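Right, one structure below, let's go through it.
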Amino acid sequence: MTGDAAEPLRAEGITVTHTDEPVVRGLDLALAAGDVVALTGPSGSGKSTVLAVLAGLIPHTRAGDLDGRVLHHGADVTDQPPWQRAAWLGFLAQDPASSLCLANVRDELALPLENAGVPRAEIGPRVAAIAERCGITHLLGRQTGQLSGGEAQRVALAATLVGGPEVVLLDEPLSMLDPDAAADVAALLRTELGTARGTELGVAEGASRSGRAPAAVIVEHRRAELARAGVRASHTVALGRGCAAPARPVGAPGPALRPAPTAAAPFRWHLTDVRRAPDGPVVLPGVDIALRPGTLTALTGPNGSGKSTLLLAIAGLLPAHRAASGAPRVGLVFQRPENQFVTHTVREEISWNADARRAAVLLERVGLAGLEELSPHQLSLGQQRRLSLVAAAAQSPPVLLLDEPTFGLDDAGVTAVEGVLAGLRADGVALLVATHDRGLVERLADAEVQLSAQPAGRSRPARSGVPDSFLARCSPVTTFALVFAVSITLLFTLDVTPVLGLWALAAAAALTLGRVPLRRLLLFQVPVAWFALSAFLVNMLSRSGGVPVARWGPLTITDDGLTWGLALGARSLAIGALAALFALTTDAIAFLNAAHQQARVPARHAYALMAGYRLMEMLPEEWWTLRAAHRVRARGAGRDRLTLDAFRRAAFSLLVVALRRGQQLAEALEARGLGRSPRTVWRPVRWGWRDAALAASATLTIVAVLAL
Amino acid sequence: MTTSPRTPGTHPLTLAEIVSVVVLGVVFGFLYYALVLGWRALGVLMGPFGDLAQNVLIGGWIVVAPLAVFITRRPGTGILAEVAASVVEVVFLGSPVGPILLLSAFIQGLGAEVAFLLTGYRRYGLGVFLASGLTGAALSFVYATIRFGWWGQDLFALRLGLHLTSGVVLCGLLAWAVARALLRSGVLRDLPAGRAERAERARGALAPAGQE
């Protein structure tokens, strides 16, 4: 059968097999213009796989064998790669954190238009128009890394729509959002999708080829989610239980009835001046918490009210709130389960610092028995969440804190997690659960602690930006090349005087031409100074040859060693100052842009680097979270220091998380059409008189150093 | 049937592969920077033998090269990952070693790829990893000997021994262990290393049992 030429999307007989197991079998799906199709089914039924096929990720970037055809207006596009499909298709992945690829919102929205080769003059107005439509105009100047989940999802949705696609594919667009943010995004979906939008926007928009709302396939993560959010689906495609996920009894809870709260004395905390970082703003001025064994206390409140911070403080993970010696042992389950895995298999994971027998019982209880030999990272989100719960519970802490334990889970996942919580409560554990999930609160909470919203202005401190200056306005390619050239010149001299002169010159240039604050410059020089000092000491102590000038025990200092030590120490200082001159005055994104446009780095490589830069900005925070999660888990064994072993575990977890995020960013970039040609550049980087002036003075410096 | 159409070594790098190499570079850029600070501390602690600290640790700075080649199965990615790591160190962290680090990184990456080149980028067992550490360390030793004038020093043989051993152990063995662990984590599933492993297992399943 051939598809109807009027249908923007049709799938016929889609079967996806992965390592010999069919994940999706014989699916047909047809989408007429303006249709909204809801894709439903239990976890493991292959909803995301179907979307990956429609988006072209399978077979192009993800593993899996594909049978069947995908048609676009009757033409077979099964072999069309994702970046080609971007001409008519928009795709939005589940996790907002990994679907934004660039460092700031404006560039993020411009990227699909640049990739599509839209003329430069049109890009600005179209970015402004889509921002207006999606209600994100106030976010245009923001950094993507500092958006809340709801803001990030709206920006990602705007970037999906900006090119005017005929079809959009949305993977559980509301699942990773709290109720307020989900309502915002749902409102956006109501106005942007479905026939309701029809023609009235068609004229004003002018961007969309068809001038009407795109057809959509939306994966639901909870039953009737779209209907409840007021998004009308024209029809629903329900997938059966996948063949890959055998049905397991899930979450058989403890006693069905709540045990009467025991008379045991509650654990109490009195916390004041709680802040996330020692120099950060106060998140909670003062809180009293009492948790009784065998009860579940819900911790609720809007985003930014300090729920997570309070959990960290109670767990003793914030510097000012170290656990006192007599305090009860506290377990903490983090929001992203992948952060707290410390071993390579499920079996090792649950028995790490824990009672292996208790762990095995718990594992059975949550329906994960049989998966012991898999890596924790291979499990689905729902399975990972249950595993992280079991791993924490198996350490038998009298107090267990949980951060959003039902976040992103489908109905079955929520039931399973609630079953575990009920069981732990019956076992006499004191539970504190930070959550937005009213259902969980109503079904399980014995008590509720509500935090109120913090006054505005409490938001995260802005990233320490690069000050506007002479150097910031030079092309970063020029600055980099010159710093490189001067640094290389330094290798040809052992004279201390000109090198120290250059050091002073570079520091002065950073302060004046770069307008770097003195404090930042000095902080940056700390490791440099340490490096220079050690270069001096090592060379002084270990150079053989020359005339001895001093001797202490086995250590001999020769004049040769002294000369080399001084020369290499001074060289380290100067090179460090030059590095500061570049790193502290150059915006990284401007550097990568210039590398792409002026140094002709190909677009795919340049954007891979930008994705890498976005990840790099996330890494310190990820590292802190990983270390905190590992510290909580290690405390069962009384270990809390950064040993080599702990470092190794955290570094490996970081690598896994970063590689996964990287692949998600690559998919997002290709969904935005990166790889199509010809592409335009919205904001070109140009050489200017400053570059010439800088080059001239650097040349003079090089000549001076060599001549002296 | 549309199967995953690629065999290793016949296609240009996909975006996911390039990004993965960059990600490796970023993560190891941080780790390398930490190792630089550790190296200086070790150097001071070793007193009169402080200059040998770099020979002891050299392998640690080459780990990412065999790892990148292993994951992508493509020539050049080892060099790319090493250079990316050095750019992170120099440009973003402001390493006091300075921009010359880019050259060292290139040479170390090139050296580590020699072993894979000799197998035609086909074999990825422990032996090849160890050989990669050895060739990486060997080339970097030649470079450092020229740059620092090591030739003719009393300690030359000791230096060479430490340098090569470090390459085999800290680079080869460590990279192999990390590669195995990454493969088990499933994060390489859609990358050439994961595809190759599944293909291998499929072939193994057809062969007579008795592997275990």
### Task
Counting helices only, and only those DSSP H runs with n ≥ 4, report the 222 nm mean residue ellipticity of the protein assembly as shown as the sum of -39,500 (n - 2.57) divided by its residues, in deg cm²/dmol to the nearest 500.
-15500 deg cm²/dmol
### Task
Pop the C-beta distance of A:Leu511 and A:Leu491 into the FRET formula with R0 = 30 Å and round what comes out to the nearest 0.05.
0.70
### By average C-beta atoms within 10 angstrom, highest first, the peptides A:131-144, B:72-85, B:101-114, A:600-613
B:72-85, B:101-114, A:600-613, A:131-144
### Task
May I ask for log10 I(q)/I(0) of the range B:15-202 at q = 0.08, 0.09 Å⁻¹, from a Debye sum over the Cα atoms as equal point scatterers with solvent left out?
-0.24, -0.31
### Task
Pop out the ³J(HN,Hα) list for the range A:405-414 in order, Karplus 6.51 cos²θ - 1.76 cosθ + 1.60 with θ = phi - 60°, rounded to Hz; leave Gly and Pro as x.
x, 10, 4, x, 8, 7, 4, 5, x, 5
### Query
What total accessible area, in Å², is buried where chains B and A meet, using a 1.4 Å probe and rounding to the nearest 100?
5600 Å²
#### Entry: Ordering of A:614-624, A:559-569 by burial proxy (mean other Cβ atoms within 10 Å per residue, highest first)
A:559-569, A:614-624
### Query
Under a 5 Å amide H to amide H cut-off, with H placed in plane at 1.01 Å, what residues pair with A:Glu448 once short-range neighbours are removed?
A:Ala298
### Query
Averaged over peptide B:176-188, how many Cβ atoms belonging to another chain are found within 10 Å of each residue's Cβ?
5
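How do B:Phe148, B:Phe70 rank by accessible surface area computed with a 1.4 Å probe, from largest to smallest?
Output order, biggest surface exposure first: B:Phe148, B:Phe70.
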#### Entry: Net charge of Cβ neighbours under 11 Å - reference A:Gly673; Lys, Arg +1; Asp, Glu -1
+2
### Query
Over the range A:12-53, what lengths in whole Å, largest first, do the semi-axes of the equivalent ellipsoid take, defined as the square roots of 5 times the eigenvalues of the alpha-carbon gyration tensor?
21, 12, 7
### Summary
FRET efficiency for A:Asp587 and A:Asp411 from the Cβ-Cβ distance with R0 = 56 Å, rounded to 0.05, comes out at 0.75
### Query
What is the range A:572-708's relative contact order, in percent, from Cα pairs under 8 angstrom and six or more apart in sequence?
28 percent
### Task
Please give, to one decimal in nm, the separation of the simple spin-label points placed at A:Ala696 and A:Asn353, each 7 Å out from Cα toward the Cβ.
6.3 nm
### Summary
Dividing the mean separation of Cα pairs under 8 Å (6+ apart) by the residue count of chain B yields a relative contact order in percent of 23 percent
## Note on the structure
Along the range A:81-90, Karplus-curve 3J(HN,Hα) (6.51, -1.76, 1.60; θ = phi - 60°) to the nearest Hz, with x for Gly and Pro, reads x, x, 5, 6, 4, 4, 4, 10, 10, x
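Once you list every other residue whose beta carbon is under 14 Å from the beta carbon of B:Gly167, what net charge do they have if Lys and Arg are +1 and Asp and Glu are -1?
-1
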### Query
What does the charge dipole of chain A about its Cα centre add up to, to the nearest 20 debye, if the Cβ of each Lys and Arg holds +1 and the Cβ of each Asp and Glu holds -1?
1560 debye
### Task
Calculate the mean, over all residues of peptide A:649-660, of how many other protein chain Cβ atoms lie within 10 angstrom of the residue's Cβ.
5
### Query
Leaving out ligands, DNA and RNA but keeping every protein chain, what accessible area does A:Asp20 have, in Å² rounded to the nearest 10, with a 1.4 Å probe?
140 Å²
### Query
Across the residues of B:40-49, average count of Cβ atoms on other protein chains within 10 Å?
5
### Task
Sticking with the crude label model, points 7 Å out along Cα→Cβ, report the distance from A:Glu448 to A:Ser234 in nm, one decimal please.
4.1 nm
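If you average the sequence gap of Cα pairs under 8 Å that are 6 or more apart and divide by the length of chain A, what percent do you get for the contact order?
Reported relative contact order: 16 percent.
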### Query
Once the Cα gyration tensor of chain A is diagonalised, what are the square roots of 5 times its eigenvalues, in whole Å and ordered largest first, as equivalent ellipsoid semi-axes?
47, 38, 23
### Peptides ranked, highest mean first, by Cβ atoms within 10 Å: ranges A:545-554, A:658-667
A:658-667, A:545-554
### Query
Roughly how many nanometres apart are two label points built 7 Å out from the Cα toward the Cβ at A:Thr137 and A:Ala369?
6.1 nm
### Message
Would you calculate the convex hull of the Cα atoms in the range A:587-708 and tell me its volume per residue in Å³?
### Response
169 Å³
### Message
How much of the DSSP bridge set in the protein assembly as shown is antiparallel, in percent, rounded to the nearest 5?
### Response
45 percent
### Query
Quick one: helix B:156-166 against the long Cα principal axis of chain B, what's the angle to the nearest 10°, folded into 0 to 90?
30 degrees
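The values are calculated or read from the model by the stated rules, or taken from the named source; none is laboratory data. Bear in mind that the values here come from a model prediction, so they are computed numbers and not experimental data. Don't worry about glycine lacking a Cβ; one is built from the backbone with ideal geometry, like all the others, and counts go over all protein chains shown. Surface accessibility is based on the protein's heavy atoms, side chains included, excluding ligands, DNA and RNA. Shrake-Rupley method; radii C 1.70, N 1.55, O 1.52, S 1.80 Å.
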